[in-house]
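Structure first, then comments.
The values are calculated or read from the model by the stated rules, or taken from the named source; none is laboratory data. The structure presented is a predicted model; accordingly, all values stated were derived computationally and were not measured. Cβ coordinates were reconstructed from backbone atoms using ideal geometry, including for glycine residues, and neighbour counts include every protein chain displayed. These area figures cover heavy atoms from the full protein model, side chains too; ligands, DNA and RNA do not enter into them. Shrake-Rupley method; radii C 1.70, N 1.55, O 1.52, S 1.80 Å.
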Amino acid sequence: MGLTAIVLGAAAGGGFPQWNCNCDVCRLAWAGDPRVRTRTQASLAVSADGNRWTLLNASPDLRAQIQATQVLQPKGLRDSPIEAVVLTGGEIDQTAGLLSLRERSPFMLMATAATLAAVADNPMFGALASDVVSRRAITPGEKFALGGGLQAEFFMVPGKLPLYLEGENPDTAEESAANVGVEVSDGNKRLAYIPGAAEMTPLLRQRLTRADAILFDGTLFSDDEMIRTGTGTKAGRRMGHMPIDGEGGSLVALEGLSARKIFVHINNTNPILVDGSPERRRVESAGWEVAFDGMEIAL
Ligand SMILES: [Zn+2]
């Protein structure tokens, strides 16, 4: 078995549909329209042997995601195939699922020092006792082993601090260890997971040229989507997410890369969630796939 990834959740924070939202796209989901399928909040499980798994981010929906994913379920009396959790940032939708992993089962928690500090600042995460859950701070550019024959490496991605830590005017184009992407490899194939990117840089694109699969920030189709739909007051880039469409959008920025390209972290307002919509057809004709919960990517 080679490098395998399972999309545990394909939606952005809030999930799809979002509990308090009746936007045009959520309304279809609430009505059970067959053109949409619901999605939980973004997380990916990766493995090289099918037995030992690492989670990339721990979403608030993690318990339901484990319930939906047989390979992540316990095999013995008290155990778990989940050996490690890797965090690409400290947002609530990237970390709250850690609270579902209490109950004294050992695993390794790996993130940059900045993200581990954000987690440590919240006393609730003390429920993951340090004698059971070991924390390891990883510097971007440093290679680290995930177990089961997988290697990983963080790389800097323009983004911003977690919403709950940001000030009035956050620098969303800053590259810092608060927001990273992660490359996972089994020594043969490479997968890049980038659920949040404020913009593309030459260095980032250079790194992506060697990936076999790219799971990329698909939060918003257009930068002003939340303003236009009346669901928010901030543009996408202000939230640390480059749009799919338009100048500097991901369709243009990742054009020509040979990897399999898959949108993840999709906000509930994004019309690519609707099968057959013009926006969905647009991304598909550009060679992109739209992730759904349970999607399996075998490289
Ligand atoms: Zn909505």
- Accessible area of the stretch 153-299 belonging to carbon and sulfur atoms, whole % at 1.4 Å probe: 48 percent
- About the Cα centre of the stretch 102-201, what is the dipole size in debye to 20, counting +1 per Lys and Arg Cβ and -1 per Asp and Glu Cβ, all else neutral? 500 debye
- Query: On average, how much accessible surface per residue is there in the stretch 103-233, in Å², for a 1.4 Å probe, leaving out ligands, DNA and RNA?
  - Reply: 46 Å²
- Could you state the number of Å between the C-alpha centres of the stretch 4-38 and the stretch 234-299? 15 Å
- Message: Among Val180, Leu220, Ser134, which residue has its Cα furthest toward the positive end of the charge dipole of the chain, with +1 on Lys/Arg Cβ and -1 on Asp/Glu Cβ?
- Response: Ser134
- What longest range of the chain stays clear of loop-exposed GluC sites (Glu not before Pro) (DSSP non-H/G/I/E/B, at most 16 other C-beta within 10 angstrom)? 1-102
- Which far-off residues, 5 or more places away or on another chain, put their amide H under 5 Å from the one on Arg39, with H placed in the peptide plane? Phe16
- Task: Tell me, rounded to the nearest percent, the portion of alpha carbon pairs in the stretch 110-172 spaced more than 18 Å apart.
- Result: 50 percent
- Message: Can you give me the C-alpha center-to-center distance between the stretch 66-141 and the stretch 189-221, rounded to a whole angstrom?
- Response: 23 Å
- Message: Once you order the gyration tensor axes a ≥ b ≥ c over the Cα atoms, which shape class does the chain get: rounded for a/c under 1.5, otherwise prolate or oblate by comparing a/b with b/c?
- Response: rounded
- Just the accessible area for Leu44, please: 1.4 Å probe, Å², rounded to the nearest 10? 0 Å²
- How much solvent-accessible surface does Met124 expose, in Å² to the nearest 10, with a 1.4 Å probe and all protein chains in place? 120 Å²
- Query: Based on DSSP H runs of at least 4 residues, each adding -39500 (n - 2.57), what is the mean residue ellipticity at 222 nm of the chain after dividing by all its residues, to the nearest 500 deg cm²/dmol?
  - Reply: -3500 deg cm²/dmol
- Message: Can you say what percent of the DSSP beta bridges in the stretch 115-234, counting only those with both residues inside, are antiparallel? Round to 5.
- Response: 80 percent
- Task: Keeping every protein chain in place, order Met295, Met108 by accessible area at 1.4 Å, biggest value first, i.e. largest first.
- Result: Met108, Met295
- Most fluctuating residue given options Gln151, Gln65, Gln73, as computed from a GNM of the chain linking Cα atoms under 10 Å: Gln73
- Item | Bins of 10 Å, starting at 0 and running to the largest distance - Cα pair percent for the stretch 21-112 | 15, 42, 27, 14, 2
- Bridge type composition, the chain - antiparallel percent by DSSP, nearest 5: 50 percent
- Note on the structure: quick note, the stretch 1-121, DSSP beta bridge pairs, % antiparallel (nearest 5) is 55 percent
- Message: Give me the dipole magnitude in Debye, nearest 20, for the chain about the Cα centre, with unit charges on the beta carbon: positive for Lys and Arg, negative for Asp and Glu.
- Response: 580 debye
- Message: Below 8 Å between Cα atoms, with a sequence gap of 6+, how large is the relative contact order for the stretch 103-238 in percent?
- Response: 17 percent
- Message: Quick one: the Cα spread of the stretch 198-269 along its three principal axes, in angstroms, biggest first?
- Response: 39, 20, 16
- Note on the structure: Cβ-Cβ cut-off under 12 Å around Asp293, Lys and Arg +1, Asp and Glu -1: the net charge is 0
- With contacts defined as alpha carbon pairs under 8 Å and 6 or more residues apart, what's the relative contact order of the stretch 194-266 in percent? 42 percent
- Task: Scan the stretch 1-80 for chymotrypsin sites (Phe, Trp or Tyr not before Pro) in coil per DSSP, keeping those whose Cβ has at most 16 other Cβ atoms within 10 Å, and list them by number.
- Result: Trp19
- Item | Within the stretch 216-260: Cβ-based charge dipole about Cα centre, in debye rounded to nearest 20 (Lys, Arg +1; Asp, Glu -1) | 180 debye
